[in-house]
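No lab work stands behind these numbers, since they all come straight from the coordinates. Treat the numbers as computed from the prediction; the structure is a model and nothing was measured. All Cβ positions, glycine included, derive from the backbone under ideal geometry; neighbour counts span all protein chains shown.
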Amino acid sequence: MYLSYDSPLANKTGTGAVDDIHTPEFLNTIVASRLPNHKLHLKVGVPVMLLRNIDQGLGLCNGTRLVITRIGKFVLEGQVIFGSNIGDKVFIPRLSLTPSDTRIPFKFQRKQFPLTVSFAMTINKRQGQSLKHVGVYLPSPIFSHGQLYMALSWVTSREGLKILISDDDSEDTDVTPNVVYHEVFRNVS
């Protein structure tokens, strides 16, 4: 288990004074988008996803999927499991990250590995990847134009696709609406 080091940053008053109201214990409880959790449970063989761009030349970008191959105190070794750099051995350091979430009314930094355990990913996080096996779970209908197509277009063959759809009564079904906004196609020649 890797614990982050969270600390408040100087406030916006221009005095440069550090915000000492927010204790590290409180900062440890904050969960925000693109920010790794305070507690990160890792072991060799676990699939993870990068939360930040580290080195685009090495393919270490936000959303890159890796498998942890070695664990160290200050650096992790992983192997890229998808994309043009598949199979490459990479090293992930701890980084000092500041959340960009505007709902947090103060600034702090978290020193942690920029990773999250990733046994699954959302439709939007896929970023053009093609996979041999895809499972799509739809506990409610797709909510946006094109998302059903995006979810189904991941898989390279029909045999590799499994879909689980639930209706309003949480019963399994084989029907779901495909949301299409016809106004998008108006005035298109």
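Points worth noting:
- Subtracting the Cα-Cα distance of F91 and S166 from 0.36 nm times their residue separation leaves 22.9 nm of extension gain.
- Neighbour-count order for S140, S7, fewest beta carbons within 10 angstrom listed first: S140, S7
- For the pair S100 and N28, a Förster radius of 25 Å applied to the C-beta separation gives a FRET efficiency near 0.85, rounded to the nearest 0.05.
- Sequence of H22, H182 once ranked by neighbouring C-beta atoms within 10 Å, starting from the fewest: H182, H22
- By the beta-carbon count within 10 Å of each Cβ, the least crowded to most crowded order of M49, M1, fewest first, is M1, M49.
- Estimated from the Cβ-Cβ distance and a Förster radius of 41 angstrom, the FRET efficiency linking T69 and H182 is about 0.25.
- Rg over Rh [alpha-carbon atoms, Kirkwood Rh] for the range 21-128: 0.97
- Lysine pair number, Cα distance threshold 24 Å (strictly under), the range 2-117, separation 8 or more or different chains: 11
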